[in-house]
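Asker: Dropping the structure in here first, questions after.
The values are calculated or read from the model by the stated rules, or taken from the named source; none is laboratory data. The structure displayed is predicted, hence computed values, not measured ones. Every residue, glycine among them, receives a Cβ derived from its backbone with ideal geometry; neighbour counts consider all protein chains shown.
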Amino acid sequence: MSPIAIDTPTPSDGAATIVKPPKIAEWVAPPLTKQDLPWADLETLDLRLLDSTDPQVRAQLVKAAKKALTVDGFLFVTGTGVSDETLKRNLAIAQFLTTGIPQEDKLPYAANLDGGSYEGYKLRGIWKKEGGVADNIEHYNLESSSFENPQGQHPPQLLPLLSEIQAFAEHTYRHVVYRILKLVSLALELPEDYLWGLHDQRGAIGADCQRYMGYFPRDDEQEQATGGIWSKGHTDYNSVSLLYSQPVSALQILTPEGQWRWVKHVEGAVVVNTADALEFLTGGVFKATRHRVVRPPSDQANINRYILIHFARVRRDLVLNPIWDSPLVKAKGKHSFQERIDAGGSAPTQDEWLRERIRRTGRELCEYLR
């Protein structure tokens, strides 16, 4: 399937007063780094091959996915059905949400991090790093409830853009995430819709989160104080994470050999990584890979890095026990929470794990990573 422009849905009754979208500055793609960095050697899989009528083609695709998820926990996917125009427009929205709205207009919509929720703004500078340097990260997060009766939920400047945001987020969930989960299910030797069935089908994007994000350069003194780390090594809290590839190099993954490797930009691709919930559900067969964000190479060090991330989550009430229905998990998996269970407890639900990790994130990001 060739890339398509995403249709914009008709706003709901709650958005009936939304006016014509404002003119916002275009996102201009920066040049790629010319530096020869130690790049991660990641698999690139074309999701369109899932539609192949040739069993051998599908078998090779599943085999490659299984290897990538077992060894790296990261891979690229293409064939997402997102046009270059749509991608640039949404990166422009990320740019606008982080730099085009005054701080005083963002404050009422700050996320309740202490309550374990990212919905709304994570404002720049609220976390301190080594040497007292404020963080350089800002993001705006939307969930299914963000699109229901939106008046009062968002800064007024965002409301005219909400239908575009919903269209992009919904396509990512119901087309891209759906097909990725189908591929992962097959890699687990399960029926192809098995994992999709563990994700919430209600609302625009189920239990998922769509993030519009910016990282902003700091001066040399601040970079020295933080060791050039913009976001310390971590795993994600959900099932799978999707990052639409963009030109500024800053993402690194930790290889099985314990080495940090840069993730290279692949035009039109999505970077997919296994997150905690999928690791728990697979009994550790597919591991959540640690990754971090660092200062870009010198020829990109002064460029704002805008990104689009979609965090797929299983149903919030789903207990994160291994999927013993999978022959692969049954043969090789182990319960990640066996000690809790032996002590009379139980594995957490997706919601419990999510809230626990979000509450801890600010404290974790204050720590200095060597």
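Asker: Checking SER231 against (1) of a type in the set (Gly, Ala, Ser); (2) farther than 30 Å from SER83 by Cβ; (3) within 20 Å of the chain's Cα centre (by Cα), which test does it fail?
Answerer: Exception for SER231: condition (2).
Asker: For the stretch 200-223, how many residues meet the condition of being surrounded by fewer than 16 Cβ atoms within 10 Å (Cβ to Cβ) and of a type in the set (D, E, K, R)?
Answerer: Count: 4.
Asker: Still on this model: Within the bounds of the stretch 250-267, is there any residue that is within 28 Å of GLY125 (Cα to Cα), surrounded by 21 or more Cβ atoms within 10 Å (Cβ to Cβ), over 16 Å from the mean Cα position of the chain (by Cα) and at pLDDT 95 or above?
Answerer: No: the stretch 250-267 contains no residue that is within 28 Å of GLY125 (Cα to Cα), surrounded by 21 or more Cβ atoms within 10 Å (Cβ to Cβ), over 16 Å from the mean Cα position of the chain (by Cα) and at pLDDT 95 or above.
Asker: To continue, here is another question. Mind checking whether some residue in the stretch 164-184 is polar (S, T, N, Q) and either crowded, with 22+ Cβ neighbours inside 10 Å or touching a His at 6+ places or on another chain (Cβ under 6 Å) (or both)?
Answerer: Yes - at least one qualifying residue is present in the stretch 164-184.
Asker: Further question on the same structure: Against the definition (over 20 Å from GLY206 (Cβ atoms) and either touching a residue at least 40 places away in the same chain (Cβ under 8 Å) or assigned to a strand (DSSP E or B) (or both)), how does TYR121 come out, yes or no?
Answerer: Taking the combined requirement at face value, the residue satisfies it.
Asker: What about ASN321, is it assigned to a loop (DSSP other than H, G, I, E, B), farther than 27 Å from LEU251 by Cα, out of contact with any Asp or Glu (no Cβ under 9 Å at 6 or more places or on another chain) and polar (S, T, N, Q)?
Answerer: yes
Asker: Same structure again: The conditions are (1) of a type in the set (A, V, I, L, M); (2) within 26 Å of GLY228 (Cβ to Cβ); (3) buried (at least 17 other Cβ atoms within 10 Å of the Cβ), and ILE126 fails exactly one of them. Which is it?
Answerer: (3)
Asker: Which members of the stretch 95-111 meet the condition of being surrounded by 12 or more Cβ atoms within 10 Å (Cβ to Cβ) and assigned to a loop (DSSP other than H, G, I, E, B)?
Answerer: Matches in the stretch 95-111: GLY100, ILE101, ALA111.
Asker: A further question follows. Return the total of residues in the stretch 312-360 being in contact (Cβ under 8 Å) with a residue 12 or more places away in the chain, among the small types (Gly, Ala, Ser) and either touching a Cys at 6+ places or on another chain (Cβ under 6 Å) or over 21 Å from HIS234 (Cβ atoms) (or both).
Answerer: Residues that pass the stated criteria total 3.
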